[in-house]
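Colleague: Have a look at this one before I ask anything.
Computed from the coordinates by the stated procedures, all read-outs in this text should not be read as laboratory data. None of these values were measured; they are calculated from a predicted model. As a convention, Cβ positions derive from the backbone with ideal geometry for all residues, glycine included, and neighbour counts pool all protein chains shown.
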Amino acid sequence: MNLYQGNWPVRTYSGQHPPARTVPGEFGDEGIAINSIISNGAVIAGGSSQHSILFNNVFIGDESMVQDSLLFEGVRIGKRVQLRNYIIDKEVKVPDGTHIGFDVAEDKKHFEVSENRIVVVPK
């Protein structure tokens, strides 16, 4: 699917939010987005998003890494968080230092995990 195909526009409601941005975190590291789709209002403050989709008003904190994941609207990622292969529901706050998507056995204790090792974090 090519989202930039002019003869096949995406018709959806888009809320009025400020533009997405990357900014330095408190330790001075610049926020980074690599091959990600980032919606309005999202802020990457010293962390990184790789191969992921960030919906409106997502915040990724300092030294945090989001990889191969989907974050719905209003998700707040704390500092030094490592997340890989997951889907996280709206308005969820992930505390500082959390690691999800690296130890399947541990993830299954707390969350739903698909056959393809995708972790689903509900509200």
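Colleague: Between rounded, prolate and oblate, where does the chain land on the alpha carbon gyration tensor, with a ≥ b ≥ c its root eigenvalues, rounded for a/c under 1.5, else prolate if a/b exceeds b/c?
Modeller: It comes out oblate by the Cα gyration axes.
Colleague: Follow-up. Given H placed on each backbone N at 1.01 Å, which residues far from S49 in sequence or on other chains put an amide H within less than 5 Å of it?
Modeller: I32, A33, I34, V66
Colleague: Let me ask another. Relative to the present Cα-Cα distance, how much length would full extension add between K109 and Q50 at 0.36 nm per residue of separation?
Modeller: So the extension gain works out to 18.7 nm.
Colleague: Helix-only mean residue ellipticity at 222 nm, the chain, DSSP H runs n ≥ 4 weighted -39,500 (n - 2.57), per residue, nearest 500. What is it?
Modeller: Calculated at 222 nm, the ellipticity per residue is -1500 deg cm²/dmol.
Colleague: Now, a different point. Within the chain, what's the longest run with no chymotrypsin sites (Phe, Trp or Tyr not before Pro) in a DSSP loop and at most 13 other beta-carbon atoms within 10 Å? Give the range, please. Write out the running numbers ahead of the final one.
Modeller: Details: sites that count: Y4, Y13, F27, F102.
Longest site-free region, per DSSP loop and neighbour criteria: 28-101.
Colleague: With θ set to phi - 60°, apply the Karplus curve 6.51 cos²θ - 1.76 cosθ + 1.60 along the stretch 47-64 and write out the HN-Hα couplings as whole Hz, x wherever there is a Gly or Pro.
Modeller: Calculated HN-Hα couplings, in order: x, 9, 10, 10, 6, 9, 10, 10, 7, 4, 6, 7, 10, 10, x, 4, 6, 9 Hz.
Colleague: Please list 3J(HN,Hα) in residue order for the stretch 99-107, calculated via the Karplus relation 6.51 cos²θ - 1.76 cosθ + 1.60 where θ = phi - 60°; whole Hz, with x for glycine and proline.
Modeller: Couplings: 10, 10, x, 10, 10, 4, 4, 5, 4 Hz.
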